[in-house]
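Reading through the structure tokens given below for one structure.
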Amino acid sequence: MARVISFLTRTRGRDRLHWTDWFTYGYLFSGILLMFGPVLWLALSSFKTDAELERFPPRFLPYAQEMIEVEGYDKPLPVFTVTAGELAGARVAQVRRIGLVAQVVRPENPSEIIKIGIKDRQAVESVSLATKNYTELFERFNFMRFLWNSTFITVMATLIMLLVNSMAAFALSKYEFRGRGTVMALVIGVLMIPQTVVLVPLFLVTRELGMLDSLWGVIIPGAATPTGVFLLRQYMLTIPDEILDAARMDKASEWKIYWRIVLPLSAPALAVLAILAIMWRWNDFLWPLIALSRPEKFTLQLALNAFQGEMDTNWSSLLAMTVLTLLPIALVFAFLQKYIATGIASTGGK
Amino acid sequence: MLGLLLPVMRLIEVPMLAAQRRFGIQKLAWVFLTPNLILFALFAFLPIILNLVYALTGSDQILLRDRPFVGLENFGTLAACENYLDPNSCEKDFFWRAVHNTVVFVILQVGFMVGFSLITALVLNQKIRARGFFRSVFFFPVLLSPVVVALIWKWILQRQGILNAGLEGLGYDSFLWLLDRQWAFGWSVFLSVWAHMGFYTLILLAGLQAIPRDVYEAAVMDAASPFRTFYRITLPLLMPTMLVVMVLALIKGVQTFDEVYAFTGGGPGSATTLIIQYIYETGFAGAPRLFGLASAASIILAVVLVVLTGLQLWATKKNANG
């Protein structure tokens, strides 16, 4: 419909906006708000101080009260402007607050303490990014551990998957052998068995292999994917067999043909698969939840989920951690979004 | 990384060369297939068989030799129900509640998902500026991890969150969204549509772009109204793609777990507990660990999924042919 309408409006002349154009751009901009807004809000919130996070109603940008170093005091003091009384308009630093009275000093004259009512002063605030939430993550929580676990699982699983799947795809696309059809049928069969329906036996097999509560227990069970075999085989079929025959004439071994000729030629398909694998593994949740029970083995996703229960109201660290968890994927997306879109569309997601 | 990979590849060449001399070139294919097939066998085919064994045996032991054979008892326990529409009358009311929730969840989710993806694809298919940018705006939540998605929305919906602030600004009262059964469920559906819509939009957009232009030109010649053109041309020609999208959304919807679990934990009560969460909690999170019941539920789910996947293959084929 949309295209027809745009076609119709075009024949009517393009100098004025038709109502469908209003609808289109209205939809697109509310789309931006609804899709980007929540993530932006999360990112902004992660830079807020604890006091700001508890403020209701919240303010859009992260603010922090200005602090000032005053002679004679060890710590920086919060800055206020006086709104009423004889000092109105002056900038003062608050030394302490007792009930409804605040003891303040003027930075020019730090020795003279002035008492004013707390209603007569207003905090001086400026937009500033509080990085405390982030630094705290590294100091107080085992963040580096989780980051390492997630990274290790993602990198190893992706490499193993590329190797194992490309070997199988090579065999299925470049050799004529009896049973090839059966193997292809088996691969389709695996496509019908998502991890979600074999959790209990998967748990047993992983346990018997001694991989429970180890990162390998997350890496190995999903290391070979039918999607990968399909994707790579489809691509390798387009590589002409003549190249392989020429290499055989030159006495190249089959393994050399595989990794010196076919793999480099399949680079685009390997790249798409690698991106998908990185995404799946980084975001993986259910199987790690079952296979890993010791907190020091947790991935970022598990840690995030565990913390949100533990620190029900402590959003400050949780927000920072959420931002750091989505950051790598956001970066990958920013640079490779074209490949991701085509990759996901061509494989049907998973 | 590559520097490390090359020696590894050279190292593998030694046994591969020996195998090539021994078996000949054509049989070497099996050697190439072996690692993949071993992984498939261990982590896909063997589990399918073991799943049956677990479903037919009882007790909370994980080792098969400790598990007595009980026949179809696990299935019987799950199925023991006076009235299937009322989970309270069932022996395993938690299971039936999860089934019930999943069915409602999937119907709502697939409906909204297909509806919004279609509108978005139609809008994106128009002559608009910065189409690539807008396409990625709708697509990027697909890449976010389920836990991140859940936390993003929890932060918005929390008691002192921005949504409640907006409500109070408009003169309404704050509301504890995730403590209300219906709202928690509704937001769970919303969350999963928000997170996955971009994927289906992408497929539908590809489908729209495959419709030949001249059909529309003919419609304009015949002075067909825009809505008529939509119902008579766009929709029928897009139907095969819609079918694929619907079935894919169904398959994924039935298996929803991650984002809803991280979002509500299945609560309040069991209001947002879906079938995968039932399997997880019965087999792994609760005590005693009822592996038999979890497996029986998995098998029921697997049957549903096999039917749906068959439907998917059929729909894909139809899409490719027509």
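The values are calculated or read from the model by the stated rules, or taken from the named source; none is laboratory data. If you're wondering where the values come from, they're calculated on a predicted model, not measured in any experiment. Here the Cβ is made from the backbone with ideal geometry for all residues, glycine too, and neighbour counts use every protein chain on show.
Among the candidates B:Leu122, B:Leu167, single out the residue that is at pLDDT 90 or above, closer than 28 Å to A:Tyr25 by Cα, in the same structural domain as B:Ala296 (by TED's automatic domain parsing) and more than 20 Å from the chain's Cα centre (by Cα).
Just one listed residue meets the conditions, B:Leu122.
Step by step: first the residues of region B:28-85, then only those that are small (Gly, Ala, Ser) and under 21 Å from A:Met184 (Cβ atoms), then the one that is surrounded by the fewest Cβ atoms within 10 Å (Cβ to Cβ). Which residue is that?
This residue is B:Ala41.
Name the single residue that is surrounded by the most Cβ atoms within 10 Å (Cβ to Cβ) among those in region A:40-80 being more than 10 Å from every other protein chain (Cβ to nearest Cβ) and basic (Lys, Arg).
Top of the filtered list is A:Lys48.
Please name all residue pairs, on different chains or six or more residues apart, with Cβ atoms under 8 Å, provided the first residue is in region A:257-272 and is over 20 Å from A:Tyr175 (Cα atoms) and the second residue is of a type in the set (Phe, Trp, Tyr) and at pLDDT below 90.
A:Ala271/A:Tyr339; A:Val272/A:Tyr339
Quick check: is even one residue across region A:245-255 assigned to a helix (DSSP H, G or I), crowded, with 17+ Cβ neighbours inside 10 Å and within 8 Å of chain B (Cβ to nearest Cβ)?
Yes: region A:245-255 contains one or more residues that are assigned to a helix (DSSP H, G or I), crowded, with 17+ Cβ neighbours inside 10 Å and within 8 Å of chain B (Cβ to nearest Cβ).
Could you look through region B:121-141, keep only residues that are surrounded by 21 or more Cβ atoms within 10 Å (Cβ to Cβ) and more than 7 Å from every other protein chain (Cβ to nearest Cβ), and pick out the one that is farthest from B:Trp187 (Cα to Cα)?
My answer is B:Leu124.
Filter region A:204-228 for residues that are in contact (Cβ under 8 Å) with a residue 12 or more places away in the chain and either in contact with a strand residue (DSSP E or B) (Cβ under 7 Å, 6 or more places away or on another chain) or facing chain B (nearest Cβ under 7 Å) (or both) and give the result.
Listed by number, the residues that qualify are A:Val205, A:Pro221, A:Ala223, A:Ala224.
Could you list, in sequence order, the residues of region B:275-289 that are surrounded by fewer than 24 Cβ atoms within 10 Å (Cβ to Cβ) and more than 10 Å from every other protein chain (Cβ to nearest Cβ)?
B:Glu281, B:Gly286, B:Ala287, B:Pro288
Please count how many residues of region B:142-173 are surrounded by fewer than 23 Cβ atoms within 10 Å (Cβ to Cβ), facing chain A (nearest Cβ under 8 Å) and hydroxyl-bearing (Ser, Thr, Tyr).
Total meeting the criteria: 0.
Could you identify the single residue in A:Tyr175, A:Tyr258 that is within 11 Å of chain B (Cβ to nearest Cβ), crowded, with 21+ Cβ neighbours inside 10 Å and hydroxyl-bearing (Ser, Thr, Tyr)?
Matching residue, one of A:Tyr175, A:Tyr258: A:Tyr258.
Select the strands (runs of 3 or more DSSP E) contained entirely in region A:62-102, then report the ones holding at least 3 residues which are at pLDDT 80 or above.
Strands (runs of 3 or more DSSP E) meeting the threshold: A:77-82, A:91-98.
Do you know which of the residues in region A:88-131 that are surrounded by 11 or more Cβ atoms within 10 Å (Cβ to Cβ) and charged (D, E, K, R) is nearest to the chain's Cα centre (by Cα)?
Here the residue is A:Glu125.
So if I check each of A:Arg207, A:Arg180, A:Arg248, which one is among the charged types (D, E, K, R) and under 31 Å from the mean Cα position of the chain (by Cα)?
Going through A:Arg207, A:Arg180, A:Arg248 in turn, just one is among the charged types (D, E, K, R) and under 31 Å from the mean Cα position of the chain (by Cα): A:Arg207.
On the given criteria, is A:Arg233 closer than 28 Å to B:Trp314 by Cα, of a type in the set (D, E, K, R), in the same structural domain as A:Ala271 (by TED's automatic domain parsing) and part of a helix (DSSP H, G or I)?
Here the answer is yes, as A:Arg233 does meet what is asked.
Which condition number in (1) without any contact (Cβ under 8 Å) to a residue 24 or more places away in the chain; (2) out of contact with any helix residue (DSSP H, G or I) (no Cβ under 7 Å at 6 or more places or on another chain); (3) more than 12 Å from every other protein chain (Cβ to nearest Cβ) is the one that B:Asp66 fails?
So B:Asp66 meets the others, but not (3).
Within the group A:Gly85, A:Gly37, which residue is touching a residue at least 12 places away in the same chain (Cβ under 8 Å), out of contact with any Lys or Arg (no Cβ under 9 Å at 6 or more places or on another chain) and surrounded by fewer than 19 Cβ atoms within 10 Å (Cβ to Cβ)?
Of A:Gly85, A:Gly37, the one residue that is touching a residue at least 12 places away in the same chain (Cβ under 8 Å), out of contact with any Lys or Arg (no Cβ under 9 Å at 6 or more places or on another chain) and surrounded by fewer than 19 Cβ atoms within 10 Å (Cβ to Cβ) is A:Gly85.
If you go through region B:69-89 one residue at a time, do you hit one that is more than 20 Å from B:Ala287 (Cα to Cα), under 24 Å from the mean Cα position of the chain (by Cα) and either facing chain A (nearest Cβ under 9 Å) or modelled with pLDDT of 80 or more (or both)?
No; the residues of region B:69-89 include none that is more than 20 Å from B:Ala287 (Cα to Cα), under 24 Å from the mean Cα position of the chain (by Cα) and either facing chain A (nearest Cβ under 9 Å) or modelled with pLDDT of 80 or more (or both).
Consider A:Leu159 carefully, then state whether it is at the interface with chain B (Cβ under 9 Å from one of its Cβ atoms) and under 24 Å from B:Gly3 (Cα atoms).
Here the answer is yes, as A:Leu159 does meet what is asked.
Yes or no, residue by residue, for (1) aromatic (Phe, Trp, Tyr); (2) surrounded by 13 or more Cβ atoms within 10 Å (Cβ to Cβ); (3) at the interface with chain A (Cβ under 7 Å from one of its Cβ atoms):
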site	(1), (2), (3)
B:Thr273	no, yes, no
B:Ala294	no, yes, yes
B:Leu301	no, yes, yes
B:Gly310	no, no, no
B:Ala320	no, no, no
